[in-house]
Amino acid sequence: MAAILLVGTDAALLEGIAQALAAAGHQVLTAMSVAEASFVAAAAPPLLAVVDRALLTTMSDVHGLGLAPGGALVAFGDPATPIPGQVRRAVLAELRLPLERARLTALAAHVQSRAQTTGRDRVTPTTAEPRQGV
């Protein structure tokens, strides 16, 4: 199933969500900050990043999260917390966790299905050909 990155400061909440997603067959990684999430994503790009809104306020764009091709961003937390415009446009959904665990599981399955349908779930190695006459 899909690789999902959970990012937030509430360890108990992240653990509960991670258990629910793992029970659905997803591979779950967790991070406590955006910097840690970028480090984790560099090693294994997630298909879905679920990030606390409070942490999204410090971001200027989502490229630092290192999502896999076809990946998506989901925000959770206090809806009164503003998200910068460029980041807001990249958010697929805003959830109230842990109340909407089932919706998160359904979103993860949908994003994975979308990536498979479009062929973005396949990583094709690029072969570098030697450059002639440089």
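Out of (1) over 21 Å from Ala115 (Cβ atoms); (2) of a type in the set (A, V, I, L, M, F, W, C); (3) modelled with pLDDT under 90, the odd one out for Phe39 is which?
Condition not satisfied by Phe39: (3).
Applying the selection to the range 72-91, what residues are touching a helix residue (DSSP H, G or I) at 6+ places or on another chain (Cβ under 7 Å) and either of a type in the set (D, E, K, R) or under 18 Å from Gln112 (Cβ atoms) (or both)?
Ala72, Leu73, Val74, Asp78, listed by residue number.
Could you check Val111 against (1) in contact with a helix residue (DSSP H, G or I) (Cβ under 8 Å, 6 or more places away or on another chain); (2) surrounded by 19 or more Cβ atoms within 10 Å (Cβ to Cβ) and say which number it fails?
(1)
Output the residues belonging to the range 43-77 that are over 11 Å from Val91 (Cα atoms) and modelled with pLDDT of 90 or more.
Of everything in the range 43-77, those that are over 11 Å from Val91 (Cα atoms) and modelled with pLDDT of 90 or more turn out to be Pro45, Pro46, Leu47, Asp52, Ala54, Leu55, Gly77.
May I ask you to say which residue of Thr81, Thr105, Thr57, Thr118 is touching a residue at least 40 places away in the same chain (Cβ under 8 Å) and surrounded by fewer than 15 Cβ atoms within 10 Å (Cβ to Cβ)?
On the way: Thr81 fails: touching a residue at least 40 places away in the same chain (Cβ under 8 Å); Thr105 fails: surrounded by fewer than 15 Cβ atoms within 10 Å (Cβ to Cβ); Thr57 fails: touching a residue at least 40 places away in the same chain (Cβ under 8 Å).
Every option except Thr118 fails the conditions.
Restricting attention to the range 35-48, which residues are over 11 Å from Ala3 (Cβ atoms) and either in contact with a His (Cβ under 8 Å, 6 or more places away or on another chain) or surrounded by 19 or more Cβ atoms within 10 Å (Cβ to Cβ) (or both)? Can you show your working first?
Step one: of the range 35-48, the residues over 11 Å from Ala3 (Cβ atoms) are 35-39, 42.
Correct list: Ala37 only.
Which numbered condition trips up Leu5, out of (1) under 16 Å from the mean Cα position of the chain (by Cα); (2) free of Cβ contacts under 8 Å to residues at least 40 places away in the same chain?
Result: Leu5 passes all but (2).
The values are calculated or read from the model by the stated rules, or taken from the named source; none is laboratory data. Not measured: the values here are computed from a predicted model. With ideal geometry, Cβ positions are generated from the backbone for all residues, glycine too; neighbour counts draw on all protein chains shown.
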